[in-house]
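Reviewing the structure listed below.
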Amino acid sequence: MVFEDLREFIDHLGKTGNLRTMDDEVDPELELTYILSEEERIGKGDAILFNSVKNSQIPAVGNLFSTRERMELILGGSPEDIGLRLQNLIRVPDDTDSMISRGLEMMKELGGVKPKISSSMGSSHRTMEKVDLGRYPICKTWPQDGGNFITLPLVITRDPVTGQRNMGMYRMQVFDNETTGMHWHIHKGGSEYEQNYAERSKLMDVAVVLGSDPLTMFSAVAPLPNGIDEFSFRGIISRKRMELVRGQTVDLVYPRNSEIVLEGYVDPSETRVEGPFGDHTGYYSLEAEFPVFHIKKIIEKDKPLYPTTIVGKLWHEDVIMGKAIERMFLPLVRIQIPEIVDMNTMEEAVFHNMVVVSIKKRYPGHAKKVMFAIWGMGQLMFSKIVLVVDPDINVHDRKQVIWAMSTRIDPSRDVIIIPGTVTDSLDHPASIMNYGSKMGIDATRKDESEGFMRPWPDVLDMKQEIVMEAQAKREKLRP
C-alpha cells in the first residue's frame, strides 16, 4: 500500500485504531511533545492528532513512525525484505538468469525510479499572501532549548555543479516569522552543496516541505550513497513514480502532495548563532554558527497538517526509523563487506557511537580489516566504537555481546585506538568538533595465527539429545 499523502496515512491510522485525537488545547512549548513522549513511553505508541494548539489554527500530528508495525506499513513490507530487494537490484546476473526474465524483473523494480514533474500544485494548494511562520504549531521540546524549531523538515537543495538533488532533514530554529536556522552538519549533502555555492558567490535556492506522505519523509533520512536521489529511492521502494512540482521562486522541485512548502534561500556568507537544543544523544547540543534560511514564499494545502516529532533522550520514533534503516541496508553493507554475518547499530549508544558486527573470520587480523572497512563506508564512518564478535554471538543480545567483549579480549592486544579521525558533529566528548578518535575491539577468538599460543577453552554447551528429552519432561511439570 502506498499512501498518497499525509492525511490519507492519518485516516488509515484512525480506521485501524492507531490514532488518538486530542481536542483539548495544548501548548507547543514543552507540553505537546511531552504528551507524545509519554504515549511512546507508557502507551501503545499511537499517533496523536492535536486539533487545538495554542496560538495556531493548524492541527499538529506526531508519533507517525512510533512502532515497527507502522514502519512496515509505511515501507510496504519488512525492512529486511526491502533490503533484499535493493540487494537484488544491483546483483550481477549469473548463468541461471534468463536475460528476458531478468529484464522484466528490473522493469518492475525500477518502474518508479524517475519522478513525474508538473508545473503547478493545482487547485488543492494556495500561495499565502505573506510569510508568517507564527501561524504554525512549531514546538519547543526541552526547557533549555534556544527556541522553537521545526523537527521534520524535508530540506531540498541542488548541487550547482552536477545538478544532483538532495533531500535531507535538518533542524530549523525559528528566529522570526521569515527566517530560521539551517542546522546541516559539515558532512551532510546540504552543507556540501552550500560550499559549492559559496565558491561561486551565489545564493542557494532551498525548498522546505513540512508534511508529505510518510515514505517520502522516511526517505529524507535514509543514508543513500552519492548519486542516488531520495525521490528516486522513494519510487523504488514504492514501485510508483513520485509526483513532483516545480517551485514558484526557486529552481527546485518538491513533492506535489506537500502540506506546507517554504521557498527561500541560504546566503553562504551569512551565519547566525543557533541552539542550544536537546538532542538524541541525551544532552543539549551547544550553540554554534550555522547558515540562515530566508523564506520568500509559503504554499499551503487546503487545511494543512503540521507533522512534528521529539528530538531527545531515547527511546522515541527515531529509534524505530534507525533500526529500519539498519535492517534495510544490511544486505547492501554485506555486498561490500561480505564476511559480516549480522550488525547491530546499538540504540543505547545512539546508533553511531557503537556498532557490533559478527563475522566469519578466515585469517589473522580479519576483525581489524572489518573495522577499517566500516569506518570507510558512508555514514558508518561516524561509528566511534566498532566491536567485532564471532558468528556464535547474537549481536542483538546484549548479554551475549558483553560476555564476548569481556571474555574474548586481551585489552593490550585486541583494543585499538585510532586518533585524528572524523567524528559526528554531535560527538560531545571530542576535544574538537568533528574531529576525534575511534576505538576498535576485536572480541573474536584467537589462535596461533594471531600469536595466541594457548588452547582456547570450549564453550559450555549441552548435548542436543539431552536437551530434547529434558525439555519434554520439564513440560510435564507445568499445570
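The values are calculated or read from the model by the stated rules, or taken from the named source; none is laboratory data. Just so it is clear, the structure is predicted and the values come from calculations on it, not from any experiment. All Cβ positions, even for glycine, are placed from backbone atoms using ideal geometry, and neighbour counts span all protein chains on display.
State which residue pairs qualify: first residue at negative phi and inside the range 114-133, second residue surrounded by fewer than 10 Cβ atoms within 10 Å (Cβ to Cβ) and of a type in the set (G, A, S) in any location, beta carbons under 7 Å apart, and separation of 6 or more residues or different chains.
Partner pairs satisfying both residue conditions: none exist.
When the range 47-74 is examined, which residues are found to be surrounded by fewer than 16 Cβ atoms within 10 Å (Cβ to Cβ) and out of contact with any helix residue (DSSP H, G or I) (no Cβ under 8 Å at 6 or more places or on another chain)?
The answer is N51, S52, K54, E69.
Please verify whether the range 2-22 includes one or more residues that are touching a helix residue (DSSP H, G or I) at 6+ places or on another chain (Cβ under 7 Å) and charged (D, E, K, R).
Looking through the range 2-22, none of the residues is touching a helix residue (DSSP H, G or I) at 6+ places or on another chain (Cβ under 7 Å) and charged (D, E, K, R).
So G235 passes all but one of these: (1) more than 23 Å from D159 (Cβ to Cβ); (2) crowded, with 18+ Cβ neighbours inside 10 Å; (3) modelled with pLDDT under 95; (4) not β-branched (V, I, T). Which condition number does it fail?
The number of the failed condition is (1).
Provide a single number: the residues in the range 230-258 that are acidic (D, E), over 21 Å from the mean Cα position of the chain (by Cα) and not in a strand (DSSP E or B). Talk me through it step by step, then tell me what you get.
Filtering the range 230-258 for residues acidic (D, E) gives 230, 243, 251.
Keeping just the survivors that are over 21 Å from the mean Cα position of the chain (by Cα) gives 243, 251.
Filter again for not in a strand (DSSP E or B), leaving 251.
Number of matching residues: 1.
For the range 274-294, what are the residues that are in a strand (DSSP E or B) and under 13 Å from M182 (Cβ atoms)? Step through it out loud before you land on a result.
Taking the range 274-294 as the starting set, the residues that turn out to be in a strand (DSSP E or B) are 274, 277-278, 284-285, 288-294.
E274, A288, E289, F290, P291, V292, F293, H294, listed by residue number.
Considering only residues that are within 27 Å of H125 (Cβ to Cβ) and in a helix (DSSP H, G or I), which ones fall in the range 2-36?
The answer is L6, R7, E8, F9, I10, D11, H12, L13, G14, K15, L32.
Of all residues in the range 395-425 being of a type in the set (A, V, I, L, M) and assigned to a helix (DSSP H, G or I), which is surrounded by the most Cβ atoms within 10 Å (Cβ to Cβ)?
Pass one, the range 395-425, residues of a type in the set (A, V, I, L, M): 395, 401-402, 404-405, 409, 415-418, 422.
Still in the running and assigned to a helix (DSSP H, G or I): 401-402, 404-405.
Working: V401: 21, I402: 12, A404: 25, M405: 17.
Among those that are of a type in the set (A, V, I, L, M) and assigned to a helix (DSSP H, G or I), it is A404.
From the residues in the range 426-444 that are in contact (Cβ under 8 Å) with a residue 60 or more places away in the chain, part of a loop (DSSP other than H, G, I, E, B) and not acidic (D, E), which one is surrounded by the most Cβ atoms within 10 Å (Cβ to Cβ)?
Applying the filter and picking the extreme gives T444.
Taking the range 445-479 only, how many residues are part of a loop (DSSP other than H, G, I, E, B), of a type outside the set (A, V, I, L, M, F, W, C) and within 30 Å of R408 (Cα to Cα)? Before you say what the answer is, go through the steps one by one.
Kept after step one, since they are part of a loop (DSSP other than H, G, I, E, B), are these residues of the range 445-479: 445-447, 451-463, 476-479.
From what's left, of a type outside the set (A, V, I, L, M, F, W, C): 445-447, 451, 454-455, 457-458, 461, 463, 476, 478-479.
Those left that are additionally within 30 Å of R408 (Cα to Cα): 445-447, 451, 454-455, 457-458, 461, 463.
The qualifying residues number 10.
Just a yes or no: is a residue in the range 194-214 at pLDDT below 95, within 16 Å of the chain's Cα centre (by Cα), at negative phi and not assigned by TED's automatic domain parsing to the domain that holds F382?
Taking the range 194-214 first, the residues at pLDDT below 95 are none.
Among the residues of the range 194-214, not one is at pLDDT below 95, within 16 Å of the chain's Cα centre (by Cα), at negative phi and not assigned by TED's automatic domain parsing to the domain that holds F382, which makes the answer no.
Hand me the list of strands (runs of 3 or more DSSP E) wholly inside the range 138-202 holding 1 or more residues that are small (G, A, S).
Values: elements: 154-158, 165-168, 179-181.
The qualifying strands (runs of 3 or more DSSP E) are 165-168, 179-181.
Mind telling me which of the residues L6, L30, L13 ends up being surrounded by fewer than 18 Cβ atoms within 10 Å (Cβ to Cβ), at pLDDT 95 or above, not assigned by TED's automatic domain parsing to the domain that holds L154 and not charged (D, E, K, R)?
Details: L6 fails: surrounded by fewer than 18 Cβ atoms within 10 Å (Cβ to Cβ); L13 fails: surrounded by fewer than 18 Cβ atoms within 10 Å (Cβ to Cβ).
The match here is L30.
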